[in-house]
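Trainee: Take this structure first; my questions come after.
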Amino acid sequence: MGTIRKFNGDWKQIFKWDGARSRMYQNEEVNQVSETWIIGKKEGAENFAFRYYEVGPKGYSRKEQHPYDHGVLILQGQGEVLLDEETHLISRGDIIHIPPDILHQITNTGMEPLGFLCVIPARREKEGKIVWAEEGIDFD
């Protein structure tokens, strides 16, 4: 059985989905980022996890690299994406492929929220075990 998340936000301002699970996390001193899991283990997705991130003004995602790729669609705002050692300007409608093992980070360079969808594998290897992507996450 598939899962449909009906969009119930305002396309211009508020992105929310019924049944989604959210949390806030902070990077360093002042940065707040919200993470919303729209489709994942709970919905029985075997091959991917579908998430929405919202980065506050002058905020940024974690600087990370993973042994799997990401697909990202910018829904609102403007910013920069670091891919390995190169920085690229991004804005609404841009789609980003982040290859495996590439250092990456998304930064909001504007005064409005930067919102994006991110698709990753449903499961991955962690400390020698295969785990679900959302395993160990505490949602609000």
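Just so it is clear, none of the values below were taken in a lab; they were calculated from the coordinates. The model shown is predicted, which means the values in this text are computed figures rather than measured ones. Note that each Cβ is placed from the backbone with ideal geometry, even for glycine, and that neighbours are counted across all protein chains shown.
Trainee: Arranged by the count of other C-beta atoms within 10 angstrom, fewest first, what order do 94, 138 take? Walk me through the numbers on the way to the answer.
Mentor: Numbers: 94 16, 138 6.
Arranged by neighbour count, lowest to highest, 94, 138 become 138, 94.
Trainee: In square nanometres and to one decimal, what's the mean projected area of the convex hull around the Cα atoms of the range 21-125? Walk me through the numbers on the way to the answer.
Mentor: Working: hull surface 25.7 nm².
Computing the convex hull of the Cα atoms and averaging its projections yields 6.4 nm².
Trainee: Still on this model: Under 10 Å, Cα contacts only: if you run a Gaussian network model on the chain, which one of 90, 102, 38 comes out with the highest mean-square fluctuation?
Mentor: Residue with maximal mean-square fluctuation among 90, 102, 38: 102.
Trainee: For residue 80 and residue 127, calculate 0.36 nm times their separation in residues minus their Cα-Cα distance, and state this gained length in nm to one decimal.
Mentor: Between residue 80 and residue 127, full extension yields 13.8 nm more.
Trainee: Please tell me which of these pairs span more than 22 angstrom C-alpha to C-alpha: 63/126; 41/63; 42/129; 41/126; 16/42? Mind showing how you got there, number by number?
Mentor: Numbers: 63/126 18 Å; 41/63 25 Å; 42/129 20 Å; 41/126 16 Å; 16/42 17 Å.
In this structure, 41/63 lie more than 22 Å apart at Cα.
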